[in-house]
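> The structure under discussion is supplied below as structure tokens; questions concerning it will follow.
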Amino acid sequence: MGIPSTPSERRGPFVDNLAALAALAERYLQAVESGDRFAHARGLELAEAVLKASEAGERVAGEGAERLFEQGRVQGRREMLLLLLELRFGKLPNELAERVATAASEQIDAWAEGLVASGSLEEILAELERGSK
């Protein structure tokens, strides 16, 4: 199961869970107020639902943290590649800097290898053009 990417996708399950928990809590309170001899069963049902919602929230939070960590790792690699390119070739063309700033992890790897193997910035730019076709 993938991580929800839009606010409405992320909010949907939580709103649904909260609504379900509210309905269970309401049934439990009604059972207690009416003297229902099975009120404790409603309480157990509510406690179980709260536990499941908590576990689901922890799982989603963990997945979100993993995604943020990966994004940070890729961004750090982009910044390192830009630094190395600038140290080797000086000021970079805006086009190259922009492409590196938005590159996927695999492309960063390819350009890093090209940085080591290339004799000039023109060779790296040529590789950039080949990679975009």
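> Of the residues that make up the stretch 45-56, is at least one exposed (fewer than 13 other Cβ atoms within 10 Å of the Cβ) and modelled with pLDDT of 80 or more?
No: the stretch 45-56 contains no residue that is exposed (fewer than 13 other Cβ atoms within 10 Å of the Cβ) and modelled with pLDDT of 80 or more.
> Let me confirm something: among L87, L92, L125, L82, which residue is in contact (Cβ under 8 Å) with a residue 24 or more places away in the chain and part of a helix (DSSP H, G or I)? Break it down into steps so the answer makes sense when it comes.
Details: L87 fails: in contact (Cβ under 8 Å) with a residue 24 or more places away in the chain; L92 fails: part of a helix (DSSP H, G or I); L82 fails: in contact (Cβ under 8 Å) with a residue 24 or more places away in the chain.
Result of the check over L87, L92, L125, L82: L125.
> Out of the residues in the stretch 61-105 that are under 13 Å from I124 (Cβ atoms) and of a type in the set (D, E, K, R), which is surrounded by the fewest Cβ atoms within 10 Å (Cβ to Cβ)?
So the residue we want is E95.
The values are calculated or read from the model by the stated rules, or taken from the named source; none is laboratory data. Keep in mind it's a predicted model, so treat the numbers as computed, not measured. All Cβ positions, glycine included, derive from the backbone under ideal geometry; neighbour counts span all protein chains shown.
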